[in-house]
Amino acid sequence: WMQQLPTGAMLAVPLSEQAVQPYLSPAPSLAAINGTERVVLAGSEAAIAELEQRLGAQGLACRRLHTSHAFHSALMEPMLAEFTALLRRIPLKAPQIPYISNLTGNWITASEATDPHYWAKHLRQTVRFESGLRRLLADPARLLLEVGPGQTLANLARQHPARSPQQIVCASLPQAQEGGDDLAQMLRSAATLWCAGVNLDWNAFFGEPKRRIPLPTYPFERQRYWIDAPRASAVSARHTRPTELVKQ
């Protein structure tokens, strides 16, 4: 259904939700609020190109997203009825694990999770990631781990003004643009979480049970202090009496 809709464009803009309001009439749509001054606009190619030129003339560094369509915009509306009808045929249940809704920026409720209209709104309404992130960061004891490729969400969390300096934010994989070793990044994040008191499931982490091997309690300094036994030749020389030479 998305592929059948007209194509569009999305633009990341360094403005707050309030500051970007004058640019939303009559188009484009406010697609996402990722930070206090990080929003994404979506609309037709012509509308986004015109807005990009206007914002650039004001000295704002905007960035196009690599998308084929204008997600979370009015261009998604033609598919909402069909999508809602499909969701009505799927049994929806309340979640067992609490999570933050990107639609409301608050904790998900059972009524929302079981409402087909709620899920259809995800296609059209604004993604309120910043609001959800602020709610999570309100608990200074909470640790944040980004699961998946890249570190975009972790960087947004690190830069959020509600985050305390001691609050730990980890990423499971390295930056997509910088490359790096995936396993090394995962090990660093696991070590960081463990040092912070997280009880890791080591059997799941290693994939198979491991045996505990006892080791000495002293460090391996590679300096010998052992008293070696005397050499056999030296022992023989000390215990042999001098030979008497008899003149024949």
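Per residue, what volume in Å³ does the Cα convex hull of the range 140-228 take up?
On the way: hull volume 16.4 nm³, N = 89.
Looking at the range 140-228, the number lands at 184 Å³ per residue.
Keeping all protein chains in the complex and leaving out DNA, RNA and ligands, what accessible area do you get for residue 220 with a 1.4 Å probe, in Å² to the nearest 10?
140 Å²
Once amide H atoms are built 1.01 Å from N in the peptide plane, which residues 5 or more positions from residue 171, or in another chain, come under 5 Å H to H?
146
Looking only at 194, 226, 107, which one moves most when the chain is put into a Gaussian network model with springs between Cα atoms under 10 Å?
In this elastic network of the chain, the residue with the biggest mean-square fluctuation among 194, 226, 107 is 226.
Suppose all protein chains stay in the model; what accessible area per residue would a 1.4 Å probe give for the range 27-158, in Å²?
Numbers: 7260 Å² over 132 residues.
I get 55 Å² per residue for this part.
With just the Cα atoms defining each centre, how far is the range 137-216 from the range 45-103? Give it in Å.
29 Å
Using DSSP loop states and a limit of at most 10 other Cβ atoms within 10 Å to flag GluC sites (Glu not before Pro), what is the longest stretch of the chain containing no flagged site? Walk me through the intermediate numbers first.
Values: sites that count: 178, 221, 244.
The answer is 1-177.
How high is the relative contact order of the chain? Use alpha-carbon pairs under 8 Å, at least six apart in sequence, and give a whole percent.
On the way: 325 pairs, mean separation 34.4, N = 248.
Computed over the chain, the figure is 14 percent.
Based on the Cα gyration tensor of the range 66-181, what are the three equivalent ellipsoid semi-axes, each the root of five times an eigenvalue, rounded to whole Å and given largest first?
Working: eigenvalues 172, 73, 36 Å².
Gyration-tensor ellipsoid for the range 66-181: 29, 19, 13 Å.
In whole Å and largest first, what semi-axes does the C-alpha gyration tensor of the range 1-58 yield when each eigenvalue is scaled by 5 and square-rooted? Could you put the intermediate results ahead of the total?
Details: eigenvalues 78, 37, 17 Å².
The equivalent ellipsoid of the range 1-58 has semi-axes of 20, 14, 9 Å.
How long, wide and thick is the range 115-157, going by the Cα atoms along their three principal axes, in whole angstroms, largest first?
Taking the Cα atoms of the range 115-157, the three principal extents are 34, 25, 15 Å.
On the protein heavy atoms, probe 1.4 angstrom, tell me the percent of accessible surface of the chain carried by carbon and sulfur.
Working: 9730 of 17400 Å².
Heavy-atom surface of the chain belonging to carbon and sulfur, 1.4 Å probe: 56 percent.
Not counting ligands, DNA or RNA, and with a 1.4 Å probe, what is residue 182's accessible surface area in Å² rounded to the nearest 10?
Counting only protein heavy atoms, residue 182 exposes about 80 Å² to solvent.
Summing +1 for each Lys or Arg and -1 for each Asp or Glu, what net charge is found among the other residues whose Cβ lies under 14 Å from the Cβ of residue 8? Mind showing how you got there, number by number?
Working: positive: 64, 124; negative: 45, 50, 52, 77.
Once all neighbours under 14 Å are counted, the net charge is -2.
Report relative contact order for the range 1-99 in percent, whole number only (criteria: Cα-Cα under 8 Å, sequence separation at least 6).
On the way: 146 pairs, mean separation 35.0, N = 99.
Over the range 1-99, the number comes to 35 percent.
Using a 1.4 angstrom probe with every protein chain in place, what is the largest-first accessible-area order of 93, 121?
Details: 93 165, 121 105 Å².
Correct descending sequence by accessible area is 93, 121.
Could you work out the helix-only [θ] at 222 nm for the chain, with each DSSP H run of four or more residues adding -39,500 (n - 2.57) and the total divided by the number of residues, to the nearest 500 deg cm²/dmol?
Numbers: 9 runs with 78 residues, N = 248.
About -8500 deg cm²/dmol.
How big is the range 1-143 in terms of Cα radius of gyration and Dmax, in angstroms?
Just the Cα atoms of the range 1-143 yield Rg and Dmax of 16.6, 50 Å.
Non-local amide H neighbours of residue 31 (under 5 Å, H modeled in plane, Pro and chain starts lacking H): which ones?
Amide H to amide H, under 5 Å and 5 or more residues apart or across chains, residue 31 pairs with 40, 41, 42.
Can you tell which of 165, 230, 22 shows the greatest fluctuation in a Gaussian network model of the chain with Cα springs below 10 Å?
With Cα springs under 10 Å in the chain, the top fluctuation among 165, 230, 22 is at 230.
Of the residues 214, 26, 174, which exhibits the maximal mean-square fluctuation in a Gaussian network model of the chain defined by a 10 Å Cα contact cut-off?
Largest GNM mean-square fluctuation: 214.
Can you list residues from other chains, or at least 5 along the same chain, whose modelled amide H is less than 5 Å from the amide H of residue 10?
Under 5 Å from the amide H of residue 10: 65, 67.
Quick one: how many Å² of residue 13 are accessible to a 1.4 Å probe, rounded to 10?
For residue 13, solvent-accessible area is about 0 Å².
Could you give the spread of the C-alpha atoms of the chain along their three principal axes, from largest to smallest, in whole angstroms?
132, 49, 37
The values are calculated or read from the model by the stated rules, or taken from the named source; none is laboratory data. Being a predicted model, the structure only gives us computed values, none of them experimental. Using ideal geometry, Cβ is built from the backbone for each residue, glycine included, and neighbour counts are taken over all protein chains shown. With ligands, DNA and RNA removed, areas are computed over all heavy atoms of the protein, side chains included. Shrake-Rupley method; radii C 1.70, N 1.55, O 1.52, S 1.80 Å.
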